[in-house]
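Derivation of every value follows stated rules applied to the coordinates shown; laboratory data play no part. Note that the structure is a prediction, hence the values are computed from the model and not measured. Here the Cβ is made from the backbone with ideal geometry for all residues, glycine too, and neighbour counts use every protein chain on show.
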Amino acid sequence: MTAALDLEAVRKDFVVRDNGRSARFTAVQDLDLSVPDGQFLAVVGPSGCGKSTLLDLVAGLTTPTSGRILLHGEPVTGPATDRAVVFQQYALLPWRTARKNVELGLESVGVPRKQRARLADEHLDLVGLTGFADRYPHELSGGMKQRVAIARALAVDPRVLLMDEPFAALDAQTRESLQDELLRIWRATGKTVVFITHGIDEAVYLGQRVAVMSPRPGRISDLIDIDLDPVPGEDVRSDPAFGRLRHRVWSSLQQIEDRSETEVAHV
Amino acid sequence: MSSSTLEKAAPTLDPAPEDYRRRAGLTVDEVQTPRFLPALGRVLRGSAAILAFAALWEVAPRIGLVDAVFLPPLSTSLGALADLVSSGQLTEHLQASLTRALVGLSIALATAIPLGALIGRSASVARFLNPVLELFRNTAALALLPVFVLILGIGETSKIALVVYACFFPVLLSTITGVRTVDPLLLKSARSLGLRPLQLFTKVTLPAAVPTIFTGVRMAGAASILVLVAAEMVGARAGLGYLVTAAQQNFQIPAMYAGIITIALVGLAINAVLLLAERRLSRWRPTS
């Protein structure tokens, strides 16, 4: 399988102000990661481990200080519609209806008006929002807003779908139904997905592979293949194999925590 | 269960809350209010204070509470207003004032919004200019009237320039604020969808700034009439401000009040038009 996404020795430094003096802060360092085409990769890590920086880098919203990011072999030079991002806070334009929000990305690439509307409606159907095209964001629930955001991301037909804790702001039931919906959409579209989360269960449930990130500076400290074979109609989460994988990710995160605690103790 | 019990049971169910039904995709039936009488009641309640004020104005001069020469009863003033309307004088003055106010306001909007948007794009430029802009905005426009007259003469130009000045700064400052305070996440997500800088500006920044810009536009609308009337009182041969001073100097007191009433109505009308425009442009906002 060819890699959809390759990160080679990526490093990102930020300038931060510390007591009026500017200091250098390394968000991610020596970050290597290869995501095969069509894979659903979940990324977990404690807060502040550089997960969002990783996503911004792949999205092209920020440039690496050093290292390379390749999308199907081509270096990423900035944001483009071959990657699309779904944010935790939906980021819908409140003055646009659901349909017009989905059209936003299509406008940037100059899709004609009629085709835009058709594509928008198709993608709203795909995320289960048939009949809600003319609603404004404030008329939609949190889960529905996130569905619109997913439709908007998919409408530009990206090769990689980037998701930054997209379900973290939702209640448990909505989250579970959207997780299943996302898996259904992923299977239907075959997109490569990079899904950032801080939930171990969510990572193991959604991902074909889970990347564990450690902080200061952020890097991939563990990669765990999720070889669950979900039987339709059965609760994968209650499968003993799910529990083992969950524990495996948990231990990996626990090691990071132990390490950072000793670091703190030494300081 | 028979169908009759079902029919009986149905009306006792509480109707679902409106927003729930909206979210569930059901049509929300507008609740029909009985037409005529409650509407009349609402109008009466809304205008009770106005009516009381009008009654006071009518009665006070008649019972000798105030000097009827200096404050004639409302009906006398309205009579004078009717005379001004039928003689065509009011139209002339109203037209003169409205033209000046609208030309001035339009020039201010056409320049202040693009300029504010431009300044707002750069945080450092906005910070650098802010003190001087605040200084200009808080300089009473009327204090500059002699300057405008000195430079531009006493004709139309100086009056329109004064209106432009008074309207320009509130709109400029609110545009800068509006453009600067756009939710960064909206910009970030639009950028991630491949929107280029100009598209970001027209599709995200500007629409997001509209409510803030409109605060300034409404202030400008009020200011335009305010400074214009004052300018017309100082030096003009037509206009509502001129009408009021000329009537006072010729001791046509009812006509003076007729002019004042007209100015009040024009102010209300401008505010109403701007409110309507604001509502049209921000229909997407949740009604509270």
Query raised in the report: Counting Lys and Arg as +1 and Asp and Glu as -1, each charge on the Cβ, what is the dipole of chain A about the Cα centre in debye, to the nearest 20?
Result: 920 debye
Report task. Return the long-range amide H neighbours of A:Val43 (sequence gap of 5 or more, or a different chain), with a cut-off of under 5 Å between placed amide H atoms. Result -> A:Phe195, A:Ile196, A:Thr197, A:Ala211
**Report entry** Computed magnitude of the charge dipole of segment B:120-255 (debye, nearest 20; Cβ of K, R +1, Cβ of D, E -1)
**Finding:** 640 debye
Report task. Rounded to the nearest 500, what is the 222 nm mean residue ellipticity of chain A from helices alone, with -39500 (n - 2.57) per DSSP H run of 4+ residues and division by all residues? Result -> -12000 deg cm²/dmol
**Report entry** segment B:243-288: trypsin sites (Lys or Arg not before Pro) falling in loop per DSSP and having at most 10 other Cβ within 10 Å
**Finding:** B:Arg283
Query raised in the report: How many angstrom separate the Cα center of segment B:221-266 from the Cα center of segment A:36-65?
Result: 66 Å
Requested in this report: Calculate one ³J(HN,Hα) per residue across segment B:186-197 by plugging θ = phi - 60° into the Karplus curve 6.51 cos²θ - 1.76 cosθ + 1.60, and present them in order as whole Hz with x for glycine and proline.
Outcome: 4, 5, 5, 5, 5, 5, 5, 8, x, 5, 7, x
Query raised in the report: For chain B, what's the relative contact order in percent, using C-alpha pairs closer than 8 Å and at least 6 residues apart?
Result: 20 percent
Query raised in the report: What's the exposure ranking of A:Val15, B:Val66, A:Val194, going from fewest to most Cβ atoms within 10 Å?
Result: A:Val15, B:Val66, A:Val194
Report task. Could you work out how far apart the two model spin labels at B:Ala143 and B:Glu92 are, taking each label as a point 7 Å from the Cα in the direction of the beta carbon, and quote it in nm? Result -> 3.7 nm
Query raised in the report: Counting only pairs 8 or more places apart or on different chains, how many lysine pairs in the protein assembly as shown have C-alpha atoms closer than 18 Å?
Result: 8
